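Below is one structure, written out as structure tokens, with a few remarks after it.
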Amino acid sequence: MTKRIELVDAIRGFALFGILLVHALEQFDLANYPEATGVLAELNIIIRKVVFFIFASKAYSIFSIMFGFSFFIQLNNREVKGEDFRLRFVWRLVILFIIGYIFSLFYIGEILTIFALLGLILVPMYKLKTPFLIILGVLFTIQIPTLYNLFISFTDNAFVHKNSWHHWALVSKTFMEGSFFDVVNFNSINGHLAKWQFMINTNRYIQMIGLFIVGLLLGRFKYFKNIDKHKKITLKVLMVCGLLALVFHYVPLSFQESTFSKVQIDLLNQLFSSYFNFVFTFFIIALFIVIYTSIFQKAKSSILINYGRMSLTNYVVQALFGTIFFYGYGFAMYKYFGATMCFLYGITFFVLQGFFCKFWLKHFYYGPLEWVWRAFTLMDFKLKFRKIN
């Protein structure tokens, strides 16, 4: 068994923690809070702003980078043994899509089916020369569709850019008032249409491919394997991305005082928001690496490492339980939980999952879904699962 890179597991665990907090605050896409007053109302606003500022879009971006990195590691490890794993990886994505689609019947916001579909583009990229990969990575992250619309808006005064969100019209109502079968029926088709509408309207799918490529390149450069040798690079990324994040965050504040039209301001805000999320993602990763390598590297049983090793299982379980907890067909806690309580719910659930992961990995080599995914990928159902003490 190939030795795991624990830093990568820790980063993946941290990203999943962020995803859990965002989803909890969104009540797993239900987003219907009870009224609050006084200090609690102010606290709800602060918590939402802080959590969304740090994790919204960024946690999934980190997860996307780790996906691209894992792709490289799997193909490279097999290549060293003289095997071409590309077709097997395509099959692996098919398995992920099946798992994701079943999961999507319960939770509209799952990302597994999107990873499975977009991940296919990595397969022909694996053998590309590094300069071509870098160029493709840049093209996929600079938001070409938004730049094109922005250019048109400056050349055609009659240009109108308006995204449709009609597939989201019944989302909250279905999750609040619908039965379990109503939710499953809605999610089976309309849920996917709504999800892709969001991905296309925000151009998130394009940037996601760019982040996959970044992960692939990090694997090719052996960045995580030689993390101590890359301290200077990590610190440079931390400083440069921190400065760029400030620029992309504060420059849009001046647009309201400009002579730009509303369409142009909206497109500029979308563009700068995307750039901010992108550079802030790398700022977070660099900061995490600095803290981890300085303080927590010797903690081999870190909660984040264990959490990251079981990322697929944890991701599915947190959403399955979350939908039951918040949705109308379950405990309907959306009626009682504002942002503060949702935040505390997310923290509590993370800690409980963390303890479970520690217990589970003492007795098993893989998380339950990790074993299923790996066994079906290799079509080897004798794959070691339980540790024999």
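Among what's in segment 148-207 and is assigned to a helix (DSSP H, G or I), of a type in the set (Phe, Trp, Tyr) and under 29 Å from Phe326 (Cβ atoms), pick the residue that is nearest to the chain's Cα centre (by Cα).
Tyr205
Considering each residue of segment 102-112, count those that are assigned to a helix (DSSP H, G or I) and touching a His at 6+ places or on another chain (Cβ under 7 Å), and give that number.
Summing the residues that are assigned to a helix (DSSP H, G or I) and touching a His at 6+ places or on another chain (Cβ under 7 Å) in segment 102-112 gives 1.
Would you call Leu244 more than 30 Å from Phe97 (Cβ to Cβ), aliphatic (A, V, I, L, M) and within 23 Å of the chain's Cα centre (by Cα)?
yes
Any residue at all in segment 84-101 that is more than 18 Å from the chain's Cα centre (by Cα) and outside any helix (DSSP H, G or I)?
yes
Tell me, please, whether a residue that is under 30 Å from Phe283 (Cβ atoms), of a type in the set (S, T, N, Q) and crowded, with 23+ Cβ neighbours inside 10 Å can be found in segment 40-48.
Within segment 40-48, not a single residue is under 30 Å from Phe283 (Cβ atoms), of a type in the set (S, T, N, Q) and crowded, with 23+ Cβ neighbours inside 10 Å.
With the requirement that a residue be surrounded by 15 or more Cβ atoms within 10 Å (Cβ to Cβ), in contact (Cβ under 8 Å) with a residue 12 or more places away in the chain and under 23 Å from Leu43 (Cβ atoms), what does segment 334-372 give you?
Matches in segment 334-372: Tyr334, Phe337, Gly338, Ala339, Thr340, Cys342, Phe343, Tyr345, Gly346, Phe349, Phe350.
So which residues in segment 264-295 are under 30 Å from Lys229 (Cβ atoms), surrounded by fewer than 17 Cβ atoms within 10 Å (Cβ to Cβ) and not hydroxyl-bearing (Ser, Thr, Tyr), if there are any at all?
Leu287, Val290, Ile291, Ile295
Please identify the pairs in which a residue from segment 27-41 that is farther than 26 Å from Ala169 by Cβ and outside any loop (DSSP other than H, G, I, E, B) has its Cβ atom under 8 Å from the Cβ atom of a residue that is among the β-branched types (Val, Ile, Thr) and at pLDDT 95 or above, counting only partners at least 6 apart or on another chain.
Matching pairs, first to second residue: Leu40/Thr340.
Quick one: Phe331 ticks every box in (1) of a type in the set (Phe, Trp, Tyr); (2) part of a helix (DSSP H, G or I); (3) free of Cβ contacts under 8 Å to residues at least 24 places away in the same chain bar one, so which box is it?
Every condition holds for Phe331 apart from (2).
Restricting the first residue to segment 148-159 and requiring it to be closer than 13 Å to Leu271 by Cβ, which pairs with a second residue that is small (Gly, Ala, Ser) and surrounded by 11 or more Cβ atoms within 10 Å (Cβ to Cβ) meet a Cβ separation below 9 Å and a spacing of at least six or different chains?
Filtered contacts from segment 148-159: Ser153/Ser261.
Show the residue pairs that are 6+ apart or on different chains and have beta-carbon atoms under 6 Å apart, the first residue being within segment 268-284 and farther than 15 Å from Ile206 by Cα, the second being assigned to a helix (DSSP H, G or I) and basic (Lys, Arg).
Phe280/Lys58; Thr281/Lys58; Ile284/Lys58
When Ile98 is evaluated against the numbered criteria (1) within 14 Å of Ala116 (Cβ to Cβ); (2) aliphatic (A, V, I, L, M); (3) touching a residue at least 12 places away in the same chain (Cβ under 8 Å), which criterion, by number, is the only one it fails?
Of the numbered conditions (1) within 14 Å of Ala116 (Cβ to Cβ); (2) aliphatic (A, V, I, L, M); (3) touching a residue at least 12 places away in the same chain (Cβ under 8 Å), the odd one out for Ile98 is (3).
Filter segment 13-26 down to the residues that are assigned to a helix (DSSP H, G or I) and farther than 17 Å from Gly354 by Cα and list them by number.
Result: Val22, His23, Leu25.
Go through segment 379-389 and count every residue that is surrounded by 13 or more Cβ atoms within 10 Å (Cβ to Cβ) and either assigned to a helix (DSSP H, G or I) or on the phi > 0 side of the Ramachandran plot (or both).
Residues flagged as surrounded by 13 or more Cβ atoms within 10 Å (Cβ to Cβ) and either assigned to a helix (DSSP H, G or I) or on the phi > 0 side of the Ramachandran plot (or both) within segment 379-389 amount to 0.
The values are calculated or read from the model by the stated rules, or taken from the named source; none is laboratory data. Here the structure is a predicted model, which is why all the values come from computation and not from measurement. As a convention, Cβ positions derive from the backbone with ideal geometry for all residues, glycine included, and neighbour counts pool all protein chains shown.
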